[in-house]
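J.: Starting off with a structure, shown below.
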Amino acid sequence: MIRVRDLHFAYDGREVLREIDLDMESEVVALVGQNGSGKTTLAKHLNGLLKPTKGSVEVDGLDTREHTVAELSRKVGYVFQNPEHMFFEETVFREVAFGPRNLGLDEDEVEKRVKWALRSVNLEGYEDRTPYSLSGGEKQRLAIACILAMKPRYLVLDEPTTGLDAKNGESVIRTIERLHSEGHGILLITHDMELVLRLAERVVLLHDGRKVFDGPVEEFFSLDLHDYGLDKPEVLLLGEVTGVGFVRSVSELVKALAGDGE
Amino acid sequence: MYPFYPQRDSLLSSLDPRVKIIGTALGIASIMLYNDPKVLLPLFLLFVLVGKYLGGISLREQLALMKPLLPVVIITIVVWPVIYKPRVMGLLFGITFAVRLLTFALLTFLLLMTTSQRELILGFVKLGIPYEFGLTISIALRYIPTLYMLSRNIMDAQKSRGWEIEKGSFITRARKMTAVLIPLLVASLKTAHELSIALESRGFGASKKRTFLYDIRMRRRDYIAMGIIVILFALSLYARYGLGIGHVELRY
Ligand SMILES: Nc1ncnc2c1ncn2[C@@H]1O[C@H](COP(=O)(O)OP(=O)(O)OP(=O)(O)O)[C@@H](O)[C@H]1O
Ligand SMILES: [Mg+2]
């Protein structure tokens, strides 16, 4: 379990996170909020890249202040927003193997994990390609594979579908769904409310460095989101006016409406 | 992040850019005259005070500007005595080089912190230096903070993959740096490419003769400042060659 208690954080004396409490298990939590509200800063605390100026962060009982990022990377995998910021090897295989090798695993185990990670993100057969030659969606999935290969229990994904077309976005979404069903806890940072609606079980809303909401998606979308610079997905509005109520997708709405007509 | 040229009221920001450019150039020339830390260190402190009192740049800001150079400074001071014999001379070399580097950075920063990009380019052009040169310099400098943030971000990404630069011998560490240098290089090349498109699409280089919307004029205080700078530089020349101060003979 991830336990954040009374977390405060300041960059060079300017406080950007205040009084944050957060618990997380094997669930998909969407972390949302306006630009600059502190999402990335909060997420960087979970694997120890940033250490709280006040308060504490614990991952499965490990206090992040007492452990290095490398140690914590076995527990919390952090997939950065721009996948190109991590690629430096000549082949996809070596790229994915980098993390497990850093953990000091033997070559057999490294190879097993690379295979498994590439399969998890649907990139089997890409072992000998150059990371930079992949398409946007493939790069994003490769980035996820690089982190998965370290077998972390929790995953932080910072805007994983931003800039991807529908098809590539879809494949990333499916990857996330699969990882969740395999028992990973996932913290999903995003501005895409459709994505929140589709994937998240729980939503955490940050505003000006404070947590202003933490609860089930359904409840989240009943908030007045305009106050936080966010928009409601249209399908929800449709659900409201047609009297169906809360739906997660257009097909769900259509099904409900069709059922009505019978 | 470096706050380049925040609008501020200080003597230095009110001076003509030409005066500041020449002042910076002569300041850099003066630190090249000496190799004795006994002269270089006070000179460095003098520039720090100039920045604080004439430039209105607090010591904290100056410190923040120089912090990224700390590793280079330490490496220089440690490495010179190891590779250069006799050791005392190596140490002297190391310190001299480190102080010169810091002063060089400080002077450049003072210029940038007290001059807007527009004035800087105009200053270069009025001094007869091609426009492209001024633009190149100011763009390059403008990207230092961006690159700094970028490299921090890349390091964070690699740390999340269990990468630890602190571990291992010098050679292993150098090899580990490729994990940061390659993504950094790729991202920089991309930025450079985008920048060139942006410049071209705004008609850069379309006409040989450029006109300027703004103009700069030397006023009385600029001439006075220029006079003071030239006199100080002449004095430092005299101190070095007339009086023989500040130079340690390298004999062994
Ligand atoms: N390295 C840094 N140094 C100083 N301030 C920073 C740094 N990184 C972020 N900040 C500031 O901290 C605040 C929170 O930034 P953060 O990146 O966590 O927001 P975010 O919610 O992830 O925004 P976005 O949606 O744009 O990604 C912002 O005001 C930002 O300017
Ligand atoms: Mg962010």
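Read the figures in this text as sums done on the coordinates, not as results from a lab. This is a predicted model, so every value here is computed, not measured. Don't worry about glycine lacking a Cβ; one is built from the backbone with ideal geometry, like all the others, and counts go over all protein chains shown.
J.: Which one of A:A97, A:A166, A:A117 has the biggest mean-square fluctuation once chain A is modelled by GNM with Cα springs under 10 Å?
T.: Per the Cα network of chain A with a 10 Å cutoff, A:A166 tops the list.
J.: Step through the table entries A:K139/A:K232; A:K44/A:K232; A:K54/B:K159; A:K44/A:K211; A:K75/A:K167, compare each Cα-Cα distance with 21 Å, and write down the pairs that go over it.
T.: With Cα atoms farther than 21 Å apart: A:K139/A:K232; A:K44/A:K232; A:K54/B:K159; A:K75/A:K167.
J.: Using only C-alpha positions, report the orientation-averaged shadow area of the convex hull of the stretch B:168-227, nm², one decimal.
T.: Average projection, Cα convex hull of the stretch B:168-227: 9.6 nm².
J.: Taking every eigenvalue of the Cα gyration tensor of the stretch B:110-252, multiplying by 5 and rooting it, what semi-axes result, largest first, whole Å?
T.: Semi-axes from the Cα gyration tensor: 38, 31, 13 Å.
J.: Report the net charge of residues surrounding A:A143, where surrounding means a beta-carbon distance below 12 angstrom and charges are Lys +1, Arg +1, Asp -1, Glu -1.
T.: Working: positive: A:K139, A:R141, B:R161; negative: A:E84, A:E95, A:E138, A:D158, A:E159.
Taking every Cβ under 12 Å from that of A:A143, the sum is -2.
J.: Among A:S171, A:Y11, A:L223, which residue has its Cα furthest toward the positive end of the charge dipole of chain A, with +1 on Lys/Arg Cβ and -1 on Asp/Glu Cβ?
T.: Projecting each Cα onto the dipole axis, the largest value belongs to A:Y11.
J.: When we measure straight from the Cα of B:K167, which aspartates and glutamates land under 18 angstrom away, once same-chain ones fewer than 8 places off are left out?
T.: Answer for B:K167, where 18 Å is the Cα cut-off: A:E66, A:E71, B:D156, listed by chain and number.
J.: Please report, to two decimal places, log10 I(q)/I(0) for the stretch B:97-167 at q = 0.20, 0.21, 0.25 Å⁻¹ as given by the Debye formula with identical point scatterers on the Cα atoms and no solvent.
T.: -0.90, -0.94, -1.08
J.: Per residue of A:85-94, how many C-beta atoms from partner chains lie within 10 Å of its own C-beta, taken as a mean?
T.: The mean count of partner-chain Cβ atoms within 10 Å per residue comes to 4.
J.: May I ask you to evaluate 6.51 cos²θ - 1.76 cosθ + 1.60, the Karplus curve with θ = phi - 60°, for each residue of the stretch B:36-50 and list the ³J(HN,Hα) values in order in whole Hz, giving x for glycine and proline?
T.: 9, x, 5, 9, 5, 5, x, 4, 4, 4, 4, 5, 4, 5, 4
J.: If you don't mind, another one. Which number do you get for Rg(Cα) / (2.2 N^0.38 Å) in the stretch A:52-169?
T.: The reported ratio for this selection is 1.10.
J.: What is the Rg over Rh value, at two decimals, for chain B, using alpha-carbon atoms and the Kirkwood definition of Rh?
T.: 1.01
J.: Please list, ordered by chain and number, the residues whose modelled amide H lies under 5 Å from the amide H of A:L17; skip anything fewer than 5 residues away on the same chain.
T.: A:F9
J.: Longer than 24 Å from Cα to Cα, which of A:K112/B:K190; B:K20/B:K52; B:K126/B:K209 are they? Say none if no pair is.
T.: Correct reply: A:K112/B:K190.
J.: Which of the peptides A:207-220, A:139-152 is most tightly packed, and how do the rest follow, judged by the mean count of other Cβ atoms within 10 Å per residue? Intermediate results must be reported in sequence, preceding the final value.
T.: Values: A:207-220: 16.2, A:139-152: 25.0.
Put in order of decreasing packing, that is A:139-152, A:207-220.
J.: What does the highest-first list of A:70-82, A:20-32 look like by mean Cβ count within 10 Å? Intermediate values should be presented prior to the final figure.
T.: Working: A:70-82: 22.8, A:20-32: 19.0.
Final packing ranking: A:70-82, A:20-32.
J.: Sticking with this structure for a sec: Considering the convex hull of the alpha carbon atoms of the stretch A:130-262, report its projected area averaged over all viewing directions, in nm², one decimal.
T.: Mean projected area of the Cα convex hull: 10.1 nm².
J.: With charges set only on the Cβ (+1 for Lys and Arg, -1 for Asp and Glu), what does the dipole of the protein assembly as shown come to about its Cα centre, in debye to the nearest 20?
T.: In debye, rounded to 20, the protein assembly as shown gives about 3400.
J.: Considering only C-alpha atoms, what is the centroid distance from the stretch A:207-245 to the stretch A:36-52, in Å?
T.: 24
J.: Would you mind computing the Rg to Rh ratio of the stretch A:148-215 from its alpha-carbon coordinates, Kirkwood style for Rh?
T.: Ratio of gyration radius to Kirkwood radius for the stretch A:148-215: 0.97.
J.: Scale the Cα Rg of the stretch B:130-201 by the rule-of-thumb value 2.2 N^0.38 Å and send over the ratio, two decimals.
T.: Working it through for the stretch B:130-201, the quotient is 1.40.
J.: Sticking with this one: Could you work out the relative contact order of chain B, using alpha carbon pairs under 8 angstrom and six or more residues apart, expressed as a whole percent? Spell out each step's value before the answer.
T.: Details: 195 pairs, mean separation 77.9, N = 252.
Relative contact order of chain B: 31 percent.
J.: Over all distinct alpha-carbon pairs, what is the Kirkwood Rh of the protein assembly as shown in angstrom? Write down the numbers at each step before the final one.
T.: Values: mean 1/r = 0.0371 Å⁻¹.
Taking the inverse mean of 1/r over all distinct Cα pairs, the protein assembly as shown comes out at 27.0 Å.
J.: Also, I was wondering about something else. Find how many whole Å separate the alpha carbon centroid of the stretch A:106-129 from the alpha carbon centroid of the stretch B:51-91.
T.: 46
J.: Starting from the Cα of B:K176, draw a straight line to each of the aspartates and glutamates and keep only those under 12 Å, dropping any in the same chain fewer than 8 residues away.
T.: Answer for B:K176, where 12 Å is the Cα cut-off: A:E89, B:E164, B:E166, listed by chain and number.
J.: Report the one residue of B:Q158, B:F133, B:S196 whose Cα lies farthest in the direction of the positive end of the charge dipole of the stretch B:130-201 (charges on C-beta: Lys and Arg +1, Asp and Glu -1; origin at the Cα centre).
T.: Highest projection toward the positive end goes to B:Q158.
J.: Just from its helices, what would the mean residue ellipticity at 222 nm be for chain A, if runs of 4 or more DSSP H residues each count -39500 (n - 2.57) and the sum is divided by every residue, rounded to the nearest 500 deg cm²/dmol?
T.: -10500 deg cm²/dmol
J.: Continuing with the same structure: Given the options A:L105, A:L195, A:L118, which has the most mean-square fluctuation in a GNM of chain A, springs set between C-alpha atoms less than 10 angstrom apart?
T.: Result for chain A, Cα springs under 10 Å: A:L105 fluctuates most.
J.: Moving on to the next point. Mind checking A:71-79 for the average number of partner chain beta-carbons within 10 Å of each residue's beta-carbon?
T.: 2
J.: For peptide B:161-169, what's the mean number of Cβ atoms from other chains within 10 Å of each residue's Cβ?
T.: What the average comes to for B:161-169 is 6.
J.: Let me ask something additional. Place the peptides B:91-103, B:165-177, B:46-58, A:40-52 in order of packing, highest mean first, counting for every residue the other Cβ atoms within 10 Å and averaging per peptide.
T.: With the highest mean Cβ count within 10 Å placed first, the list reads A:40-52, B:91-103, B:46-58, B:165-177.
J.: Using only the alpha-carbon atoms of chain A, report the extent along each of the three principal axes, biggest first, to the nearest angstrom.
T.: Extents along the principal axes: 59, 46, 28 Å.
J.: Treat every Asp and Glu Cβ in the stretch B:1-104 as -1 and every Lys and Arg Cβ as +1, leave all other atoms uncharged, and give the resulting dipole magnitude about the Cα centre to the nearest 20 debye.
T.: Approximately 200 debye in magnitude.
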